[in-house]
1. Identify all aspartates and glutamates with a Cα-Cα distance to Lys88 below 17 Å; exclude those on the same chain that are fewer than 8 residues away in sequence.
2. If we count every other residue with Cβ under 11 angstrom of Gln76's Cβ, Lys/Arg +1 and Asp/Glu -1, where does the sum land?
3. Enumerate the aspartates and glutamates that Lys55 could reach by cross-link, defined here as Cα to Cα under 17 Å, with residues fewer than 8 away along the same chain left out.
4. As I understand it, the dipole of the range 19-121 uses +1 on the Cβ of Lys and Arg and -1 on the Cβ of Asp and Glu, about the Cα centre. Which of Trp90, Asn30, Phe58 lies farthest toward its positive end?
Amino acid sequence: MNMIDNNDAPVVAGKAGAGAYNAQVRDFLNEQLKQHGTDCEQLYITTVHSVIEPKVTFSQDLLALGNDTLEWETVQAHAEGVVGIFSKQWTFDDEHIFSKLSVSDVEAFMHELLAEARNKWFA
């Protein structure tokens, strides 16, 4: 879970709070990931500050990314090379790269998730 979102920020009037669609997001993403033999709480999108001597600056599971996508109503664009998909949080080590998915694949899932939410879940 992304701990940044675990705060006491007030909810904007008429807009659902962070994580309001948590169950739907989990179900949607897990359905997408089923063919890859994993789920959204076992994969992490991780960012480093530099490709040369990489130091992890941010890491969150795909469930948290999905919740952020719905909260912000936008899909984040990630820079190739400094972002990757991993099976372990807070690492950028090659041994933990989840090679079945690219960052572009995850961004596509988030676009699909946002479209699904706009069409079916948002009032």
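Every number in this text was worked out from the coordinates using simple rules, so none of it is lab data. Note that the coordinates shown come from a computational prediction; the quantities given were computed from them, not determined experimentally. Here the Cβ is made from the backbone with ideal geometry for all residues, glycine too, and neighbour counts use every protein chain on show.
1. Here the aspartates and glutamates satisfying the reach criterion relative to Lys88 are Asp39, Glu41, Asp61.
2. The answer is -2.
3. The reachable aspartates and glutamates, counting only those whose Cα sits under 17 Å from Lys55, are Glu80, Asp93, Asp94, Glu95.
4. Asn30
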